Amino acid sequence: MKRSFIYCLTALWLTPTVLFSQVFSKTIGSPNGKVQVAVSLNEKGEAGYQVHYQGVPIVNHSALGLQLRDHDLTQNLVLVGHHTSTQKGVWKPVWGEVSEIQEHYNAISLDLKDAQGFQMSVVFRVFDDGVGFRYEFPQNQTIDSIVVLKETTTFQMQEDLQAWWAPSDWDSNEHTYSHSKLSAIDASRYRTDIEPFNQHIVNDRAVQTPVTMQTAAGTCIAIAEAALTDYGAMHLDVDGPTHRLSAHIIPSANPAVVSTNTLPFNTPWRCILTNASPAGLLSNHLILNLNEPCKIEGDLSWIQPQKYVGIWWEMHNGKSGWNYREKDGTLSTRHGATTQNVKKYLDFAANNGFAGVLVEGWNEGWDEWFNVDRSEVFDFTKPYPDYDMAEISRYAREKGVKIIVHHETASVVPSYERQMDSAFAYLKMNGFNAIKTGYVGFIQPKGAWHDGQSMVNHYNEVLRRAAKNEIMVCAHEPVRPSGLHRTWPNFMACEAARGMEYNAWSKGNDPSHELTLLFTRLLGGPMDYTPGIFQIAVNQFDPNKKERIHTTVAKQLALYVTLYSPLQMAADLPENYEKRPAVFQFIRDVPTDWSDTKILNAAIGDYVTIARRDKHSDNWFMGSMTDETPRRFKTKLDFLEKGKAYEATIYEDGPKADYQKDPYPVSIRKITVRKGQTLKINLAAGGGCAVSLKAL
Ligand code: NOJ
Ligand code: CA
């Protein structure tokens, strides 16, 4: 109580210059008082806000507003009223990193109108771990449509912060990350990347969200969005000298940035996540809390977190291919999705406790899918002749495993929308309940972007229609997630960043990549990163291939714990796992749904150690990983249950392991441990460590 009062006072003391010109100003604190938000309206009728964390300003006075085609809501606004409220509750996610989430915030709604009487409210929710705000347009007013020309929200950062950022590409989020001061953000080097194939970078001084920053004192701040529906994704234009970030909404094919003709209408939530440490940032539930509760009714037992294998990596590493015919019309000798090969994977899945087998390249269309002028490429109900759907369906049922059906759309969105219902009916008829969608290439029809409103609506429509059909979704090449899996828990995972695949055919992902993803992209939701590659040099089927994964094998194990997803692939080939059964045991054992998560240590882009408790047993699992720097940690096992003994199986980098020189050695040892003991962990360069802690 006392502390929150002090924070509040500090917040007011630090802002006098802004307060003088305000006609309205109100400060609202989070439940524990650590986060303070001052909302204001000045003499020019401009709305603004600022944010303090633990008494220190983290966002200085910043602008709020929208320019609509028919209403300028950036100035000359009049305050109609304001009201505050408090929400305190606990909810249980269908799956996740924890089994219960506290939702506790204080809110203020600033109800404004323009000279014509058109109303808009700006609603702030202030949590102990950050702030969310959005613009709301109430129902009871007459307007044909809301056409947003520009959102004028800004985030005036306090100093020239360290930032971990990806370029503002309207069409792809599959770039590497950069780390620099805000003033040094410059994406020009990304323009010479040969991949991703469909890049569209308009402004070199702009970033995608989530973007994560850190002050000199160590406070972490991430700017993200929550509940991205019916709106373009928010990128941020960066003004280096002033450290001001300005919302930049990615436009749709429509000349307007965003348009809608239904009221009430809300923008997505603009989120400022904050914590005193990187570890605290990873325990943040603000984005999920700002999403609406689950909209899928009835029995949800068809939503099944799971591990899966698939006919996938063998296509990326050159063993097989997606296409059935070669360009000259002759049959391919390397088609991967054959009945026989699928059966091999189904056997492997059944023998090792995997619930799913992803199959790519099973349907008509792959022979010509990458044409520049793609129109109706794929048929989602027509398997290739060597893929016997009836037999695969029968065999899968016999084995108790389900196929995850791949729907690569090649971004020909109207074609997919036309076929979606029949495609869903077809996979249900065959006994399956999961799809992996894909949006490779420029969006068709041309002029729309992966991050624009029309595509956001498309991705969400797929989730809704899949939910109606009790189908789980894993989306590749979608917009970055914004916590919608609270509302649509059939949205298991998505890619929306640079995944493992890049290691197979490009310069790949450096050892800090996953350690940056965790603090940026993953804040919005799980990623289908596809870990678990044991064959680090990607030359198994082509001795000329120079590509490799920039990792040790032990780090591949750690990823199952550190990069949370309810859908985790064991991405390597069955034959590579069969060669190392003792190491593979960790992947067999690790669950994908957790009741508790503890972040034991963390530094953005450098290292992390996470412990998680299985939702369905008393077992704990730990993952620790580092960038290119070798590290030693002493980890206190404080999270274990008092009085219980645990059999710890420790999978760590072998004595000479090094991601460049020798990534393969993994030492495995077993010890009995109890709460309070310390575990010493050695991480090689580019290495990791995975531990299973089985309650005895
Ligand atoms: C890119 C996806 O990320 C990858 O997983 C898939 O194999 C290819 N597209 C083909 O659809
Ligand atoms: Ca991809």
Within the stretch 124-168, tally of residues that are within 20 Å of PRO264 (Cα to Cα) and in contact with a strand residue (DSSP E or B) (Cβ under 7 Å, 6 or more places away or on another chain):
17
Based on what the data block shows, is THR635 in a strand (DSSP E or B), under 20 Å from LEU515 (Cα atoms) and out of contact with any Pro (no Cβ under 8 Å at 6 or more places or on another chain)?
yes
Pull up the stretch 183-201, narrow it to residues that are of a type in the set (Gly, Ala, Ser) and surrounded by fewer than 18 Cβ atoms within 10 Å (Cβ to Cβ), then point me to the one that is farthest from ligand 2 (Cβ to nearest atom).
SER183
Which ones in the stretch 483-513 are over 18 Å from LEU290 (Cβ atoms), more than 16 Å from ligand 1 (Cβ to nearest atom) and in contact with a helix residue (DSSP H, G or I) (Cβ under 7 Å, 6 or more places away or on another chain)?
ASN490
Look at the stretch 28-54 and say how many of its residues are in a loop (DSSP other than H, G, I, E, B) and either within 14 Å of ASP114 (Cβ to Cβ) or open to solvent by less than 10 Å² (accessible area, probe 1.4 Å) (or both).
5
List the number of the failed condition for GLY89; all other conditions in (1) free of Cβ contacts under 8 Å to residues at least 60 places away in the same chain; (2) under 27 Å from the mean Cα position of the chain (by Cα); (3) not in a strand (DSSP E or B) hold.
(3)
Starting from the stretch 438-452, take each residue that is within 16 Å of ligand 2 (Cβ to nearest atom) and list its partners that are of a type in the set (S, T, N, Q) and open to solvent by 10 Å² or more (accessible area, probe 1.4 Å), counting only C-beta distances under 6 angstrom and pairs at least six apart or across chains.
GLY441/ASN198; PHE442/ASN198
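Going by the conditions given, is PRO489 at negative phi and either of a type in the set (Gly, Ala, Ser) or within 16 Å of ligand 2 (Cβ to nearest atom) (or both)?
On the way: at negative phi: yes; either of a type in the set (Gly, Ala, Ser) or within 16 Å of ligand 2 (Cβ to nearest atom) (or both): no.
So PRO489 fails the test.
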Given the structure, is GLY353 within 22 Å of ASP528 (Cβ to Cβ), within 15 Å of ligand 1 (Cβ to nearest atom) and in contact (Cβ under 8 Å) with a residue 40 or more places away in the chain?
no
Can you run down the residue pairs with Cβ atoms below 7 Å, 6 or more apart or on separate chains, where the first is in the stretch 38-51 and on the phi > 0 side of the Ramachandran plot and the partner is surrounded by fewer than 23 Cβ atoms within 10 Å (Cβ to Cβ)?
GLY45/GLN75; GLY45/ASN76; GLY45/VAL78
Do you know which residues across the stretch 422-478 are away from ligand 1 (no atom under 16 Å from the Cβ), open to solvent by less than 20 Å² (accessible area, probe 1.4 Å), touching a Ser or Thr at 6+ places or on another chain (Cβ under 6 Å) and among the aromatic types (Phe, Trp, Tyr)?
none
Any chance GLN116 is open to solvent by 10 Å² or more (accessible area, probe 1.4 Å), more than 30 Å from ARG612 (Cα to Cα), touching a strand residue (DSSP E or B) at 6+ places or on another chain (Cβ under 7 Å) and part of a loop (DSSP other than H, G, I, E, B)
no
Provide a single number: the residues in the stretch 353-405 that are closer than 26 Å to LYS446 by Cα, crowded, with 22+ Cβ neighbours inside 10 Å and touching a Pro at 6+ places or on another chain (Cβ under 9 Å).
1
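The values are calculated or read from the model by the stated rules, or taken from the named source; none is laboratory data. Everything quoted here is computed from the prediction, not taken from an experiment. FYI the Cβ positions are ideal-geometry reconstructions off the backbone, even for glycines, and counts take in every protein chain you see. Quick note on the areas: whole protein, heavy atoms, side chains included, nothing else; ligands and nucleic acids left out. Shrake-Rupley method; radii C 1.70, N 1.55, O 1.52, S 1.80 Å.
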